Amino acid sequence: MSRDHVQSAEPTAAEPLGAAGPPGAAAALGGDALPAPAEPTAGTEAPYLELLARGASADAYEQPVLAARAQGRSAARIAELDRAKLLALRVRSELEGRRRREAELSALFETAHDLAGLRDLDAVLQAIVQRARSLLGTDVAYLSLNDPVRGDTYMRVTEGSVAARFQQLRLGMGEGLGGLVAQTARPYVTDDYFKDARFQHTTTIDTGVHDEGLVAILGVPLMLGHTVIGVLYAADRRARVFEREQIALLGSFAALAAAAIDTANLLTETRSALAGLERANEIIRDRSGVIERASDVHDRLAELVLRGGGVHDVAAAVSEVLEGTVEFTEAGAAPARALEASRAEGHAVPHDDDWIAAVSAGGELLGALVLRGHPGLDPVDQRTLERAAMVTSLLLLARRSAAEAEHRVRGELLDDLLDARDRDPRLLRERASRLHADLDATHVVLAARLDGPAADAEHEAAARRRLWSAASHLAATRQGLAAARDGGTVLLLPLTRDDTATDLARRTARQLGTAVHEAVTVGASAPVERLTAHPDAVAAAYSEGRRCLDALRLLGRTGDGAAAEDFGFLGLLLAGDRDIAGFVDRTIGQVLTYDERRGTDLVRTLDAYFACGMSPARTKDDLHVHVNTVAQRLDRVGRLLGGDWQSPARSLEIQLALRLHRLASRAQH
């Protein structure tokens with residue numbers, strides 16, 4: 001066996017194993033064997049029994065022999081006292097060994113008892129190092145644990161340590177005494193660490209040991225089976241020889257510490273497993289409840305579909321299942337961004353404290369289901385809301401298919417109001433009454449047209465169908481009429497007291513645009529009354545609405561809505577039967593005639609001149625002609641229109657006339 005190992009048969013200076021008895025007894029006996037004692041004479045053992053009884057020190061056992069010599073006793077008497085002294089010392093040594101073993105066993109028993117009621121691993125490990133330090137009589141005791149991730153061992157518990165750097169030491173495997181114990185799974189001992197060349201000294205370890213002032217160190221491995229999980233140490237700040245019994249005692253404490261760590265780990269794993277099972281049970285209970293709710297809402301929705309329920313019935317049923325307030329809203333009333341995100345993703349999406357589920361079919365937004373006041377929503381409940389939105393869309397489509405016939409009837413009635421002016425007012429009123437429309441109320445005629453990006457004919461036809469469908473649905477909900485006409489849609493909607501024709505036009509443009517996902521421009525007529533009494537009023541109002549629509553598109557306000565009242569002076573021209581052609585002729589008629597007769601571009605030059613901020617230099621760039629050409633044309637315009645044609649008032653009229661002329665030209669084409 002190696003001399004470096006504690007279990008070596010021959011003790012060394014670095015790792016003495018000691019004798020069976022204490023050092024004092026061995027020195028006193030002068031060897032391991034005692035001579036066979038002679039029978040002591042009466043009274044020889046009395047003083048030593050007295051010393052044993054009071055637990056005197058080893059030095060006190062010399063006093064009877066010294067006293068006999070001082071009294072001049074015989075050599076035989078002195079020899080008897082010497083033999084009695086040796087016997088007494090031997091008994092004393094045996095008694096001390098038993099007391100020591102009793103204390104060690106008691107400490108081990110108390111530690112084992114602590115393990116039996118293990119609650120706090122740190123407290124148990126602290127008790128182990130405290131008792132180890134007390135029984136071995138060392139200055140310091142400490143315990144380190146191996147870190148399998150970093151591949152080293154680190155300080156876990158210390159007792160008697162005063163140096164912060166020492167308490168935070170980490171020892172690599174094989175480094176220092178502790179690293180060697182952790183690597184080899186064998187105990188190591190040294191009576192002077194810094195002079196011991198058997199250990200791999202590093203600056204970090206040596207600095208920490210030096211800060212603590214340690215000299216003699218004993219380390220034993222903490223073993224779980226054949227695996228080292230750490231090291232238990234006892235150390236002194238002076239040179240010291242640790243005996244075999246002390247090494248064995250520290251090994252026993254190490255075994256208890258390893259058992260404590262293993263028990264704590266098992267308890268931690270058990271608690272973790274129990275916590276995991278509890279969480280799993282909670283999840284199962286929650287999922288069971290969610291599944292029951294999902295099944296409940298499925299049954300309710302199926303029943304609603306079978307008995308012909310409406311969208312609000314669906315909202316009420318889902319409200320009960322989700323324990324919240326669910327509402328169906330029109331597409332224009334829901335948050336636009338959240339509604340579009342829900343339609344694009346096909347899922348309900350959060351919006352502030354609400355959840356929005358788009359109700360759509362064939363790319364058309366029909367509305368939304370809104371769950372109020374639920375910032376957090378279980379995934380299954382979210383799917384329940386989405387399923388309800390899908391059922392709502394099916395109900396709306398079913399209702400729409402049933403209502404399409406009604407829409408066609410509404411469209412036919414509006415066509416008759418626009419075209420068949422000689423129809424019997426009484427019959428018109430009766431037909432409107434069956435559609436819940438009151439033709440005697442104040443109405444507004446609105447002309448609507450798609451203004452989205454150019455597309456192929458098929459896409460445009462589909463978009464027009466969606467526009468008519470959305471307009472018919474809007475007219476039905478507002479107790480109005482709608483029909484497809486002139487490539488767009490015309491609506492006849494009642495006007496409430498709180499609305500103006502402009503408000504109605506803008507709201508209609510927004511609602512229709514949201515429904516068809518494209519820009520829709522809407523022009524509105526002035527309010528008209530008693531339509532059945534004035535058959536021509538609907539057609540005239542439609543013409544006015546179309547002129548407003550054309551004016552909006554001409555002014556670049558596509559996707560907006562407006563009435564004649566929004567255009568100021570231009571509105572006076574657009575409304576009713578104003579003489580627009582006469583105004584244009586009076587304002588720029590001479591320029592128009594000059595261009596027609598001579599083939600010049602004076603009107604085009606005027607348009608560019610005003611569009612370029614009345615700057616000839618920018619105008620020539622826009623027309624791609626020389627600036628002198630622009631100057632010559634403007635001079636001709638001045639001779640035709642008069643010298644004040646660029647004054648603010650005249651220029652405003654000229655620009656208005658130019659726009660009206662352009663509008664009229666486009667309408668003719």
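With both partners inside segment 117-270, how many of the DSSP beta bridges are antiparallel, as a percent to the nearest 5? Show your work: numbers first, answer last.
Values: 28 of 29 bridges.
The antiparallel proportion sits near 95 percent.
Starting from the Cα gyration tensor of segment 308-400, take the square roots of the eigenvalues, sort them a ≥ b ≥ c, and report rounded, prolate or oblate (rounded when a/c is under 1.5, otherwise prolate if a/b is larger than b/c, else oblate).
On the way: a/c = 1.65, a/b = 1.14, b/c = 1.44.
Verdict is oblate for segment 308-400.
Rounded to the nearest 0.05, what FRET efficiency do Gln167 and Ala46 give with R0 = 35 Å and r taken as the Cβ-Cβ distance? Could you check?
Working: r = 55 Å, r/R0 = 1.56.
Approximately 0.05, to the nearest 0.05.
In nm², what is the average projected area of the convex hull enclosing the Cα atoms of segment 580-668? The partial results should precede the final answer.
On the way: hull surface 22.6 nm².
With every direction weighted equally, the projected area is 5.6 nm².
Multiply the residue gap between Asp621 and Gln63 by 0.36 nm, knock off their C-alpha separation, and tell me the result in nm, one decimal place.
On the way: separation 558, 0.36 × 558 = 200.88 nm, distance 13.33 nm.
This chain segment gains 187.6 nm when fully extended.
Going by a ≥ b ≥ c, the root eigenvalues of the Cα gyration tensor, does segment 139-223 fall in the rounded group (a/c under 1.5), the prolate group (a/b larger than b/c) or the oblate group? Could you put the intermediate results ahead of the total?
Numbers: a/c = 1.36, a/b = 1.13, b/c = 1.21.
Rounded shape, in that the Cα axes give a/c under 1.5.
So what is log10(I(q)/I(0)) for segment 331-372 at q = 0.14, 0.29, 0.34 1/Å, when the Debye sum runs over its Cα atoms only?
Listed by q, the Debye log ratios stand at -0.23, -0.99, -1.34.
Once R0 is set to 30 Å, what does the formula 1/(1 + (r/R0)^6) return for the Cβ-Cβ distance between Asn628 and Arg598, expressed as a FRET efficiency to the nearest 0.05?
Values: r = 19 Å, r/R0 = 0.62.
According to the calculation, E is roughly 0.95.
How would you classify segment 117-270 from its alpha-carbon gyration tensor, with a ≥ b ≥ c the square roots of the eigenvalues: rounded for a/c under 1.5, else prolate if a/b is greater than b/c, otherwise oblate? Walk me through the numbers before you get to the answer.
Details: a/c = 1.58, a/b = 1.35, b/c = 1.17.
Prolate, since a/c reaches 1.5 and a/b exceeds b/c.
How big is the gap, in Å, between the Cα center of segment 358-375 and the Cα center of segment 623-669?
52 Å
Would you please give the FRET efficiency between Thr329 and His226, computed as 1/(1 + (r/R0)^6) with r the Cβ-Cβ distance and R0 = 45 Å, to the nearest 0.05?
0.05
Any read-out appearing in this document is the output of simple, stated calculations on the displayed coordinates, not a laboratory observation. Keep in mind that this is a model prediction, so the values were computed, not measured. Reconstructed Cβ throughout: ideal geometry from the backbone, glycine too, with neighbour counts over all protein chains shown.
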